[in-house]
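Note sheet for the following structure.
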Amino acid sequence: MIDPIKESTDFGFRKVAKDEKADLVAAVFHSVAAKYDLMNDLMSLGIHRIWKRFTIEASGARRGQHILDLAGGTGDLTAKFAKIVGEKGEVILADINDSMLKMGREKLRDRGIVGNVNYVQANAEELPFPDNYFDCISISFGLRNVTDKDKALKSMFRVLKPGGRLLVLEFSKPIFSALTKAYDAYSFHILPRVGQMIVKDADSYRYLAESIRMHPDQDTLKAMMELVGFEQVSYTNMSGGIVALHRGFKF
């Protein structure tokens, strides 16, 4: 039972004390880290690669830039950004979860991606970087797991350079009712079973499905970004709104 004195937040469909959510989310990703890439391919039928490619194309990344791949996990976006910015640029793969960060580091080093990539364990709500430092920040399928999303968006705004852009790639709300029904059936019945088969953990994938439903919809997230100072905020729905890419600028 939650102490009534403590502030609560959502952990999937459950209510938990705010100061407990980070540890609960950490446990989920410690559990799934080793098979994270495999599960991404299985869950999305490989379509996550198209969503991420679109994000890279929308980033405007150029040689010599400083880019933060926040909640970067196993480094799919970092790998692509590193190639774009070149040896004079820098990409920081940041994640709050050390298991995910280790998987990302091993994966990228095995692929020979070294020299212009650094790894930082960091909380999105309190980023340990200087003001006005990054040309671009991406956060891919990570914002919904953050306890205080407004605080995280403010932190991202602070470390972004004037003229820089934030890209938020996240699961969102399907725009067709028929798709919503099929998506719910997949998320709550099939996905946990696949999680049990592959990583012996149905509960973590049940949480991931629930966390998607609790995440702000497209227009709500757009308004949240504008409220902390981002301008020219827009979003693009992909796969019928199952995923949306939000983009905002700091001027």
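The values are calculated or read from the model by the stated rules, or taken from the named source; none is laboratory data. Because the structure is predicted, anything quoted here is derived from the model rather than measured. In this analysis, Cβ positions are derived from the backbone assuming ideal geometry, glycine residues included, and neighbour counts consider all displayed protein chains. The protein model used for the area step is the full one, side chains on, heavy atoms only, and it has no ligands, DNA or RNA in it. Shrake-Rupley method; radii C 1.70, N 1.55, O 1.52, S 1.80 Å.
Points to keep in mind about this one:
- Taking only the C-alpha atoms of the chain, the Rg (one decimal) and the largest Cα-Cα distance, Dmax (whole number), read 17.4, 52 Å.
- Each Cα pair under 8 Å and six or more residues apart adds its separation to the average, and for the chain the resulting relative contact order is 19 percent.
- The share of accessible area on the chain that comes from carbon and sulfur is 54 percent, using a 1.4 angstrom probe.
- Comparing mean-square fluctuations of Gly112, Gly104, Gly64 from a GNM of the chain with C-alpha springs under 10 Å, the top value falls on Gly112.
- Per-residue surface analysis assigns Thr74 an accessible area of about 10 Å², computed on protein heavy atoms at 1.4 Å probe radius.
- Counting only DSSP beta bridges with both residues in the chain, the antiparallel share comes to about 45 percent.
- Legend: distances between Cα atoms for Lys21/Lys222; Lys107/Lys154; Lys80/Lys154; Lys154/Lys250; Lys52/Lys181; pairs beyond 20 Å are Lys21/Lys222; Lys107/Lys154; Lys80/Lys154; Lys52/Lys181.
- Rolling a 1.4 Å probe across all protein chains gives Asp110 an accessible area of roughly 140 Å².
- Charging the Cβ of each Asp and Glu at -1 and of each Lys and Arg at +1, and nothing else, the dipole of the stretch 5-99 about its Cα centre rounds to 340 debye.
- Per residue, the stretch 16-61 exposes an accessible area of 49 Å² to a 1.4 Å probe, with every protein chain left in place.
- Accessible area per residue (1.4 Å probe, heavy atoms of protein chains only) ranks Arg144, Arg105, Arg14 as Arg14, Arg105, Arg144, with the largest value leading.
- Residue order by solvent-accessible surface for Glu170, Glu7 is Glu7, Glu170, largest first, with ligands and nucleic acids left out and a 1.4 Å probe.
- Check: the stretch 43-145 dipole with +1 on Lys, Arg Cβ and -1 on Asp, Glu Cβ, in debye: 540
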